[in-house]
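Working notes, beginning with the structure itself.
The values are calculated or read from the model by the stated rules, or taken from the named source; none is laboratory data. Just so you know, these numbers come straight off a predicted model, no measurement behind them. Virtual Cβ from ideal backbone geometry, glycine too; neighbours counted across all protein chains shown. Ligands, DNA and RNA are excluded from the accessible area calculation, which covers all protein heavy atoms including side chains. Shrake-Rupley method; radii C 1.70, N 1.55, O 1.52, S 1.80 Å.
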Amino acid sequence: MLCLKVRKDNAEKVRKYLARRKLSDNNYRIYGSGKFIYIPIAGLSASRQLGALLGRGMAELSSRRFEPAGNRQGYRKAVSRALGGSEDYSKGYDVMGDIAIIDARSRKSALGLAKVIMGINKGIKTVLSKGGPVSGEYRTRRYVYVCGERKFDAVYRENGCTFMMDVRKAFFSPRLSYERGRIRSLATDGENVMVMFAGTGPFAIEVAKAHSNTKVVAIELNRNAYRYMVKNIKLNKAVNVEPVLGDVKEVALRYKGFADRIVMPLPKDSYSFIGAAVLAAKRRCVVHYYAFGSKDNALAEHCEKLRALLKPKGIRFRVLSWRVVRPYSASEVEIAIDFEMLKKKTA
Ligand code: SAM
């Protein structure tokens, strides 16, 4: 996410300057490394108000991943005290607005974890526990109410945008915040961007808000997620996002040759939609491709598959960069591959 990189000797001055103007994002913890600290800021609108600081060389704009606020060390100690140290608290918990989401193995440990979280994070009003894995075509999961206010509607802020959703009805993961910030910073003004598998709209809205001259088409199959996307577009005044309800494979037919950039955040099955990406792409197009793969060899596995599919179509394929997004299971990780496709010139 967007942040300010500040020399430690200027840190206190800059921190107070930001706090007085409500420009820092208190949902995340300030990070320090070497001679610098990194202060998360509340999105692009904040960055525009920072001219004075940046002009005086007190800070520079940067981007990195941040830990959510809340005392994690305190959390570990408190959990270990409350649950006798046996609980697997290494999974941590997610915060979506005033809802905390835990992954507990029993009702007893869910209540124990919830008590600890509500004790150290006074902003939490509701605790829910994951009730199973993400599954099905819509990539949703079951949630079990644990304690606090009984609700499933979250209002979540990230990178200066706000997203609303019922966590049971649409996929959303705060753990992808860094990825969304990364794609936003790679997109440039004037591009046509297609976000496949758009969910409640986070990739599309963040790109569109950061680059007002982009045209962003956001395609989603799950009617509930689509409805939240439409709400979130309005909420964030992202007028340059066109939401489309439907199957990517069918919708792509209506956008032949449209996209300079395509985002494919369906790691379970992005591969099956490469044909749709080829259709929607301009002659030269950058693709952000998400996939699950083996810990040791994910990049090579997927490059081989992609090349085998694209080469017979006469499409050149070049990897621009890649990264591990997150661990997925004991043996698998989710990776992001950014690649460029270059189609043959047609006569
Ligand atoms: N991009 C969103 C995000 O980061 O929060 C959602 C990603 S979620 C892993 C994948 C989404 O793709 C789900 O919302 C699912 O309903 C949608 N989806 C699955 N198959 C689809 C298809 N054939 N066409 C359009 N959307 C699809």
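Site pair residue 242 and residue 323 shows an inter-label distance of 3.0 nm when each label is modelled 7 Å from Cα along Cα→Cβ. Put 54, 18 in order of accessible area, highest first, and with a 1.4 Å probe you get 54, 18. Accessible area per residue (1.4 Å probe, heavy atoms of protein chains only) ranks 191, 137, 301 as 137, 301, 191, with the largest value leading. A simple rule links phi to the HN-Hα coupling: the Karplus curve 6.51 cos²θ - 1.76 cosθ + 1.60 with θ = phi - 60°, which for segment 9-14 gives 6, 9, 4, 5, 4, 5 Hz, with x for Gly and Pro. Quick one: which residues, 5 or more positions from residue 96 or on another chain, have an amide H under 5 Å from its amide H? H modelled 1.01 Å from N in the peptide plane, none for Pro or chain starts. Here 101 satisfy the definition. The length gained on full extension between residue 332 and residue 153, counted as 0.36 nm times the residue separation minus their Cα-Cα distance, comes to 61.4 nm. Just report the Cα centroid separation between segment 119-192 and segment 261-293, whole Å. Centre-to-centre distance over Cα atoms comes out at 23 Å. Here the alpha carbons of the chain define both size measures, Rg and Dmax, at 21.1, 72 Å. Multiplying the residue separation of residue 213 and residue 303 by 0.36 nm and subtracting their alpha-carbon distance yields 29.2 nm. For segment 129-160, backbone nitrogen atoms closer than 20 Å to the point 7 Å from residue 61 Cα along Cα-to-C-beta are found at 158-160. Relative to the longest principal axis of the Cα atoms of the chain, the long axis of helix 177-186 makes an angle of roughly 40 degrees.
For residue 263, the residues 5 or more places off, or on other chains, whose built amide H falls under 5 Å of its own are 194, 195, 196, 288.
Equivalent-ellipsoid semi-axes (√(5λ), Cα gyration tensor) for segment 240-333, whole Å, largest first?
Details: eigenvalues 116, 54, 27 Å².
The three semi-axes for segment 240-333 are 24, 16, 12 Å.
Solvent-accessible area of residue 244, all protein chains in place: 10 Å² (probe radius 1.4 Å, heavy atoms, ligands and nucleic acids excluded). For the chain, the share of accessible area belonging to carbon and sulfur comes to 50 percent (1.4 Å probe, ligands and nucleic acids excluded). Computed from backbone phi, the HN-Hα couplings of segment 156-166 come to 10, 10, 7, 6, x, 10, 10, 10, 10, 6, 7 Hz, rounded to whole numbers (Karplus: 6.51 cos²θ - 1.76 cosθ + 1.60, θ = phi - 60°; Gly and Pro given as x). The H on the amide N of residue 25, modeled in the peptide plane, is under 5 Å from the matching H of 41, 42, each at least 5 residues off or on a different chain. Which shape class applies to segment 189-240: rounded if a/c is under 1.5, otherwise prolate when a/b exceeds b/c and oblate if not, where a ≥ b ≥ c are the square roots of the Cα gyration tensor eigenvalues? Since a/c reaches 1.5 but b/c is at least a/b, the shape of segment 189-240 is classed as oblate. Backbone phi angles across segment 35-41, fed through the Karplus curve with coefficients 6.51, -1.76 and 1.60 (θ = phi - 60°), yield HN-Hα couplings of 8, 10, 10, 10, 10, x, 10 Hz in residue order; Gly and Pro are listed as x.
Hey, can you find the accessible area per residue of segment 141-186 for me, probe 1.4 Å, expressed in square angstrom?
For segment 141-186, the per-residue accessible area is 42 Å².
Mind giving me the nanometre distance, one decimal, between the label points for residue 316 and residue 29, set 7 Å out from Cα along Cα→Cβ? Going from the residue 316 label point to the residue 29 one covers 4.7 nm.
Can you compute the FRET efficiency between residue 144 and residue 279 using 1/(1 + (r/R0)^6), with r the Cβ-Cβ distance and R0 = 35 Å? Round to the nearest 0.05.
0.25
Excluding same-chain neighbours fewer than eight residues apart, the aspartates and glutamates reachable from residue 311 by a Cα-Cα span under 15 Å are 340.
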